[in-house]
Amino acid sequence: QVQLVESGGGLVQAGGSLRLSCAASGRTFSTYVMAWFRQAPENEREFVAGIKWGSGNTYYIDSVKGRFTISRDNAKNTVYLQMNSLKAEDTAKYYCAVKSLGPIATTRAEYDYWGQGTQVTVSS
């Protein structure tokens, strides 16, 4: 069992930055993929970025490449999402998720554990 707690959301002006954190407790293994998803009102939950815990390999959706960076701190069992040059369309609730085995995936159903989410609001 893995528990995930997100933090770092808030209200920011367009062009600003935020850093989200996801602290994992319980069992964590190098085979895990940790990812960030987001969901805006009336939209589907979409994959944003993922990182393979062991290798550090990352993957991003096109709309955040060059603006967002996912990273991990093994000692703290924490994953971060640094978000720069934020846009109004980045406004959503952001969720941390864990996939126990295999490569980074962009499909929600492949993830086994989820946090409660943290709200990010970007004002234009």
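The values are calculated or read from the model by the stated rules, or taken from the named source; none is laboratory data. The structure presented is a predicted model; accordingly, all values stated were derived computationally and were not measured. Cβ placement follows ideal geometry from the backbone for every residue including glycine, while neighbour counts extend to all protein chains displayed. Protein only, heavy atoms only, side chains kept; ligands, DNA and RNA dropped before computing areas. Shrake-Rupley method; radii C 1.70, N 1.55, O 1.52, S 1.80 Å.
Compute the length gained on full extension between ALA109 and SER123: take 0.36 nm times their separation in residues and subtract their Cα-Cα distance, giving the result in nm to one decimal. Let's see the in-between values first.
Numbers: separation 14, 0.36 × 14 = 5.04 nm, distance 3.09 nm.
Going from the current span to full extension adds 2.0 nm.
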In vacuo Debye sum over C-alpha of region 1-41, base-10 log of normalised intensity I(q)/I(0) at q = 0.19, 0.27, 0.35 Å⁻¹, listed in q order, is -0.73, -1.09, -1.29
ILE61 versus ALA14, label points 7 Å from Cα toward the beta carbon: distance in nm?
-> 1.9 nm
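Which order, highest average first, do 41-51, 66-76 follow once you tally other Cβ atoms within 10 Å for each residue and take the mean per peptide? Intermediate results must be reported in sequence, preceding the final value.
Values: 41-51: 16.1, 66-76: 14.5.
Result, highest mean Cβ count within 10 Å first: 41-51, 66-76.
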Where does each of LEU18, LEU11, LEU86 land when they are ordered by accessible area, with a 1.4 Å probe and the largest first?
-> LEU11, LEU18, LEU86
Figure the gain on full extension for PHE29 and GLN82 (residue separation times 0.36 nm, minus the Cα-Cα span) and round it to one decimal in nm.
-> 16.8 nm
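Ignoring ligands, DNA and RNA, what percent of the 1.4 Å accessible area of the chain is carbon and sulfur?
On the way: 2870 of 6250 Å².
In the chain, the share of accessible area belonging to carbon and sulfur is 46 percent.
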Residues in region 83-124 reached by a label modelled at ASP73 [backbone nitrogen below 17 Å; 7 Å Cα→Cβ] = 83
